[in-house]
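The values are calculated or read from the model by the stated rules, or taken from the named source; none is laboratory data. Because the structure is predicted, anything quoted here is derived from the model rather than measured. Cβ placement follows ideal geometry from the backbone for every residue including glycine, while neighbour counts extend to all protein chains displayed.
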Amino acid sequence: MKRILVCEDEASIREFVVLNLKRSGYDVVDVGCGEDAIKAFEEQSGNFDVALLDIMMPGIDGFEVCKRLRQMSGKVGIIMLSAKSQEMDKVSSLMMGADDYITKPFSVTELVARVDAVCRRVNMSADRPADFSGTIKSGPFTIDMKSRTLFKNGAPIDLTQVEYQIMEFFLKNQNTALDRMSILRSIWGDSYYGEKIVDVNIRRIRMKIEDEPTNPKYITTIWGYGYKWCDQEEQI
């Protein structure tokens, strides 16, 4: 059974979320503040598939909780919950390592669909056949598809599940211009709207893999269209 950590300071919203996730078959641990969320995560050794974090909370807010959980685990899926709809909140959440963002008020259908989608990404490696093996190489980079790990010059790079999926998609389509919508659909699915999430994740990945993130040579921007992964060895 998939385990969800819910951190929401408003009791009525927390009860609504917990009730509907349990009805959908999830094992739920719920807390009312950021401090308790971090404590629960540590006590459970990070044994959660997804964490739902409210942004605006007294004490440690959702941004800080997200940052700390991501420091402890690159595998857990993180979804931010907030009454705010400002673009900056979404960008800030994603830059701190969140996988998705839901604006209140939200429906049961939207909540469960988002949690289901993140859970699928988190558990993709567990669903691989036991004898599955495969690697993709490009310049100094190697992707091990069984462990879902990216290496640069033999050293592992710490990626979230979303970042890994984007990298795998790029390396499977090297030197090919990919429009934002095709990236969005490949990673988040056909029902997801909002291409900004693609741009923010690309920015985050560049900070991890590029020698000069402000002057990228691997993930290049195709202005007005999308992005392209450039295999430097093929450029020579």
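Checking each residue in the range 93-124 for being out of contact with any strand residue (DSSP E or B) (no Cβ under 9 Å at 6 or more places or on another chain) and either in a loop (DSSP other than H, G, I, E, B) or within 19 Å of ARG203 (Cα to Cα) (or both) picks out MET95, PRO105, SER107, ASN123, MET124.
May I ask you to say which residue of GLY25, GLY74, GLY59 is in contact with a Ser or Thr (Cβ under 8 Å, 6 or more places away or on another chain) and surrounded by fewer than 20 Cβ atoms within 10 Å (Cβ to Cβ)?
On the way: GLY25 fails: in contact with a Ser or Thr (Cβ under 8 Å, 6 or more places away or on another chain); GLY59 fails: in contact with a Ser or Thr (Cβ under 8 Å, 6 or more places away or on another chain).
Answer to the check: GLY74.
Scanning the range 217-231 for residues that are surrounded by 19 or more Cβ atoms within 10 Å (Cβ to Cβ) and basic (Lys, Arg) turns up nothing. crowded, with 17+ Cβ neighbours inside 10 Å and either modelled with pLDDT under 95 or of a type in the set (Asp, Glu) (or both): does that describe ASP54? So ASP54 passes the test. The criterion of being surrounded by 14 or more Cβ atoms within 10 Å (Cβ to Cβ), under 20 Å from TRP229 (Cβ atoms) and β-branched (Val, Ile, Thr) does not hold for THR214. When the range 145-189 is limited to residues that are touching a residue at least 60 places away in the same chain (Cβ under 8 Å) and within 19 Å of MET207 (Cα to Cα), the one that is surrounded by the fewest Cβ atoms within 10 Å (Cβ to Cβ) turns out to be ASP158. Annotation note: Cβ proximity below 8 Å between a residue of the range 74-91 that is farther than 12 Å from LYS104 by Cα and at pLDDT below 90 and a residue that is assigned to a loop (DSSP other than H, G, I, E, B) and among the hydrophobic types (A, V, I, L, M, F, W, C) (sequence gap 6+ or interchain) occurs for GLY74/LEU159; ASP89/ILE55. Once the range 80-92 is narrowed to residues that are farther than 21 Å from LYS208 by Cα and touching a strand residue (DSSP E or B) at 6+ places or on another chain (Cβ under 9 Å), the residue that is surrounded by the most Cβ atoms within 10 Å (Cβ to Cβ) is MET80.
Screening the range 184-213 for residues that are at pLDDT 95 or above and of a type in the set (A, V, I, L, M) and picking the one that is farthest from LYS90 (Cα to Cα) gives ILE209.
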